[in-house]
1. If you take the residues in the stretch 18-50 that are of a type in the set (A, V, I, L, M, F, W, C) and under 20 Å from the mean Cα position of the chain (by Cα), which one is surrounded by the fewest Cβ atoms within 10 Å (Cβ to Cβ)?
2. For residue 55, state whether it is at pLDDT 75 or above and either assigned to a helix (DSSP H, G or I) or outside the structural domain of residue 28 (by TED's automatic domain parsing) (or both).
3. Would you pick out the residues in the stretch 190-212 that are among the hydrophobic types (A, V, I, L, M, F, W, C), within 19 Å of residue 122 (Cα to Cα) and crowded, with 22+ Cβ neighbours inside 10 Å?
4. Is the stretch 12-33 home to any residue that is modelled with pLDDT of 85 or more and either of a type in the set (S, T, N, Q) or not assigned by TED's automatic domain parsing to the domain that holds residue 125 (or both)?
5. Only one of (1) in contact with a strand residue (DSSP E or B) (Cβ under 6 Å, 6 or more places away or on another chain); (2) assigned to a helix (DSSP H, G or I); (3) modelled with pLDDT under 85 is not met by residue 128, so which one is it?
6. I'm checking my understanding of the structure. Among residues of the stretch 175-189 that are under 24 Å from residue 102 (Cβ atoms) and touching an Asp or Glu at 6+ places or on another chain (Cβ under 9 Å), which one is surrounded by the fewest Cβ atoms within 10 Å (Cβ to Cβ)?
Amino acid sequence: MTEDTMTGGLSVVIYVKNVVVGQGLEAVLRMLPRVRSIRHCTTRQAAEAAVSEGDADIIVVTSAESSAATELTGSLPRTRVLLLLDEFEASGASLLGAMTADGFLIQQDLTAADLGEALDRMMTGEMPMPARVGRELLARAGSPVPSSPSRSAILTPRENETLALLAEGYSNKQIARRLSISDHGAKRLVTSVMLKLGAPNRTAAVVIAIKQGMITAA
């Protein structure tokens, strides 16, 4: 297990048995000023020791370690699980076993900017998820959502645009840029869409909209 400590920010545990992949993640994480500590664990025992200390904000895993990570963080609601998928896994049935993760990224598409944004979104309660991963999860299993109204919610044209972008996996900042509005304006639109659909989060909003025929999963 290796550790690198910086001033302030997030504490990240990498639980990846593949040393090359783990070192690559360490290198990317060191580029992010918001990250204060990084621990790379290659065994469950080391990961359990790192997480049990109680200050881990994020644990990054691949699909091989996802089940163990869920068990390790089950009693630690503060620690969020970021699942790093292989691009082939992003369109495979194995995704169904990964639905307990708090966020998803595709390994082949990984950049420092994407990883930093994913960490930020997870810490605010959002679930970062590439569009193709969201579509696959919806197509294969759907997501448990609250009972939705029998009639479709009535959205404004701007809210419909926002909903379409949510279905593509856009973050609030990306929605703001796409719609040429402020970040605050994008957040307000996203909140309005969720309220009108009766959805507790962004993913549920997309699922409800698909079930009501407002958008398609294709």
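1. 31
2. Taking the combined requirement at face value, the residue does not satisfy it.
3. 190, 205, 206
4. Within the stretch 12-33, one or more residues are modelled with pLDDT of 85 or more and either of a type in the set (S, T, N, Q) or not assigned by TED's automatic domain parsing to the domain that holds residue 125 (or both).
5. Among (1) in contact with a strand residue (DSSP E or B) (Cβ under 6 Å, 6 or more places away or on another chain); (2) assigned to a helix (DSSP H, G or I); (3) modelled with pLDDT under 85, the lone unmet condition for residue 128 is (2).
6. 176
Residue by residue, here is whether (1) under 20 Å from residue 125 (Cβ atoms); (2) among the hydrophobic types (A, V, I, L, M, F, W, C); (3) touching a strand residue (DSSP E or B) at 6+ places or on another chain (Cβ under 8 Å) holds:
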| residue | (1), (2), (3) |
| --- | --- |
| 176 | yes, yes, no |
| 182 | no, no, no |
| 187 | yes, no, no |
| 214 | no, yes, no |
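The values are calculated or read from the model by the stated rules, or taken from the named source; none is laboratory data. In this text, all values refer to a predicted model and were calculated from it rather than measured experimentally. FYI the Cβ positions are ideal-geometry reconstructions off the backbone, even for glycines, and counts take in every protein chain you see.
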